[in-house]
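The values are calculated or read from the model by the stated rules, or taken from the named source; none is laboratory data. Only a predicted model underlies this, so the values are computations on that prediction, with no experimental measurement involved. Here Cβ is always computed from backbone atoms with ideal geometry, including for glycine, and neighbour counts include all displayed protein chains. Side chains are part of the model used for accessible areas, which takes the heavy atoms of the whole protein and leaves out ligands, DNA and RNA. Shrake-Rupley method; radii C 1.70, N 1.55, O 1.52, S 1.80 Å.
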Amino acid sequence: MANTIWVLVELEGGAPVRSSLEVLGKAARLGRAEAIVLGSGAAEVAPTLGEYGAEKVYVHADAAYDQYLTLPAVETVSKLFAEHQPTLLLLPTTYDLRDIAARLSMRNGMGLITDATDLTIGDDGLKVTVPWGGETVVTATLTQQRPGIVLTRPKAFSVEQYAGRTAEIENINTTISAESQTIRVIETVEVKSEGPALEDAAVVVSGGRGLGKAENFHYVEELAEILGGAPGATRAIVDAGWLPYSYQIGQTGKTVKPTLYIAAGISGAIQHLAGMKGSKYIIAINKDEHAPIFANADLGVIGDAVSILPQLSTEIKRRKA
Ligand code: FAD
């Protein structure tokens, strides 16, 4: 039987989010890609998903999903699973989809693999690549019957174009129960940020404990701004309360894959490397010539980050002028 890979497509401002399209492209390379799109903008988005690999799109244009996606989505996708039994549900790791994946797994007794960076489906079944810590890579599989769920790391795949592909649209005929609508979002507070989002930035400048004190983090922010990038941080300084968790890069933070990653005052612990090792070029500034970060850097600067960062900003500004 052909493999059918489902992708639950998240919407933001009425458009599909990039991470959903990345995973849809991967699904199309694994077999027959089918998308599920839920919410008031679903009907408009559905016909566009063919171009990103979907052969079929299940649509439920109900505003109940706009309020709080998790519970109604779990109910609807569970019903669809029971009816169609796809091979796999493939999801990028986002706050909502992680929540949905865990609930789907528990409710339906389905296997779930998280943190995947790649997967294949061959004659010997599903093989999922999962980095473990920073240095070990595990190949995992699901032993139970299909469908299973795989959550992939952000930026594991790129968006694919399937020009001319038209997806078949099926409107889902279901009513969302009252129990799935018990949570209401009272307020949404948007965190203001002027530069690009950390996950999308082509340049990331990150700071660690070597900056000495929270007040010195502005040197990181200043250089990031001059380079049109985003500032990031290690867990050490997030835990110390210098910055909110949204800045954290690493195993338990965000995964970034910029063209240029500048690590200032960062030792290079495997848990930090897990979130930035995929960067194209890495520059490390550290006063300890034996710091592990240098083993992963394309360019290493041995010195005091607190003095080098502002000098770098001044020099780049001068050359740009
Ligand atoms: P340190 O390790 O203290 O390194 C500071 C560095 O700064 C040193 O190399 C020092 O030589 C250098 N330095 C000192 N002064 C200067 C100066 N003036 N100029 C230049 N260099 C200087 N960490 C993460 O980052 N992200 C994660 O997601 C994450 N997840 C974790 C999950 C688990 C389960 C565990 C156990 C740990 C995790 N960690 C994570 C923590 C990780 O192990 C490290 O403790 C952390 O990354 C260290 O942060 P740091 O490099 O800022 O600090």
Any pair with Cβ under 7 angstrom, 6 or more apart, that starts in the stretch 303-319 at a residue that is under 17 Å from VAL204 (Cβ atoms) and assigned by TED's automatic domain parsing to the domain that holds ALA214 and ends at one that is more than 12 Å from the ligand (Cβ to nearest atom) and not aliphatic (A, V, I, L, M): SER313/GLU222
Which numbered condition TYR261 fails, given (1) of a type in the set (Phe, Trp, Tyr); (2) crowded, with 21+ Cβ neighbours inside 10 Å; (3) assigned to a loop (DSSP other than H, G, I, E, B): (3)
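Residues checked against (1) within 20 Å of PRO292 (Cα to Cα); (2) part of a helix (DSSP H, G or I):
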site	(1), (2)
VAL205	yes, no
GLU215	no, yes
HIS218	no, yes
LEU243	no, no
LYS257	yes, no
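Please enumerate the residues belonging to the stretch 126-179 that are among the small types (Gly, Ala, Ser), farther than 27 Å from VAL74 by Cβ and surrounded by fewer than 18 Cβ atoms within 10 Å (Cβ to Cβ).
To start, the set of residues in the stretch 126-179 that are among the small types (Gly, Ala, Ser) comprises 133-134, 140, 148, 156, 158, 163-164, 167, 177-178.
Adding the requirement that they be farther than 27 Å from VAL74 by Cβ leaves 133-134, 158, 163-164.
Across the stretch 126-179, the qualifying residues are GLY133, SER158, ALA163, GLY164.
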Given (1) in a loop (DSSP other than H, G, I, E, B); (2) under 26 Å from LYS155 (Cα atoms), index of the condition ASP288 fails: (2)
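Could you check the stretch 1-77 for helices (runs of 4 or more DSSP H) lying wholly inside it with 1 or more residues that are of a type in the set (Ser, Thr, Tyr), in contact with an Asp or Glu (Cβ under 7 Å, 6 or more places away or on another chain) and open to solvent by 50 Å² or more (accessible area, probe 1.4 Å)?
In the stretch 1-77, no matching helices (runs of 4 or more DSSP H) lie anywhere.
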Cβ-Cβ under 8 Å pairs, at least 6 apart or on other chains, the stretch 218-236 side within 17 Å of GLY268 (Cα to Cα) and modelled with pLDDT of 95 or more, far side within 16 Å of the ligand (Cβ to nearest atom) and aromatic (Phe, Trp, Tyr): PRO231/PHE217; PRO231/TYR247; GLY232/TYR247; ALA233/PHE217; ALA233/TRP242; ALA233/TYR247
Residue pairs meeting the criteria (Cβ under 7 Å; at least 6 apart or on separate chains; first over 15 Å from LYS257 (Cα atoms), in the stretch 143-162; second outside any loop (DSSP other than H, G, I, E, B) and of a type in the set (D, E, K, R)): LEU151/ARG98; LEU151/ASP115; GLN161/GLU51; TYR162/GLU51
